[in-house]
Amino acid sequence: MTSEPEQQLGVGTPDAFQRLWTPHRMAYIQGENKPSGPGADDGCPFCSIPAKSDEDGLIVRRGEHVYAVLNLYPYNGGHLMTVPYRHVADYTELTDVETAELAELTKQAMTALRTASGAQGFNLGMNQGAVAGAGIAAHLHQHVVPRWGGDTNFMPAIGHTKVLPQLLGDTRKMLAEAWPSSPSGV
């Protein structure tokens, strides 16, 4: 055994850094499963997810007009999205009922994440349009990203890698069990 880094041909200039490879992220980077166009029938994953079982679709909660689903490419463990069933691209296209349910499921998601994982803070947001960073711009979705003190460390900053402590299926089950009931029945 030597303490020298292993030389790998074709990987650039040796810099003494070890690599953590995350090849599963290539699907996201290359746009796998991205819609082929803006319509609901153009392969929109947010339109097809509700037809799956909760486990297969990673759905945490179903409402009447909106559902909560885990992000396949999470920024942090427990990163989920609240998504209207109706295929709309812009927040201004939501009905008042859809807007209210989106807000209610977002509040419930925060409560479930605090209960299940002790989340200390959240990033909430919508990217409206591809130029604003929306990965799937044709179907509105709001991100709910749980945060903890110290969750920003050297791994994403230097290693460009996120360490997720739990499989998505296990996270879905944990959050579904911690999801609060609401007076509105959502």
How would Ser48, Ser182 line up by accessible area, probe 1.4 Å, largest first?
-> Ser48, Ser182
GluC sites (Glu not before Pro) within region 32-128: which are DSSP loop residues with at most 16 other Cβ atoms inside 10 Å?
-> Glu32, Glu64
Once the Cβ-Cβ distance between Tyr75 and Ser181 is put in as r, and R0 is 25 Å, what FRET efficiency do you end up with, to the nearest 0.05?
-> 0.35
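The values are calculated or read from the model by the stated rules, or taken from the named source; none is laboratory data. If you're wondering where the values come from, they're calculated on a predicted model, not measured in any experiment. Here the Cβ is made from the backbone with ideal geometry for all residues, glycine too, and neighbour counts use every protein chain on show. Protein only, heavy atoms only, side chains kept; ligands, DNA and RNA dropped before computing areas. Shrake-Rupley method; radii C 1.70, N 1.55, O 1.52, S 1.80 Å.
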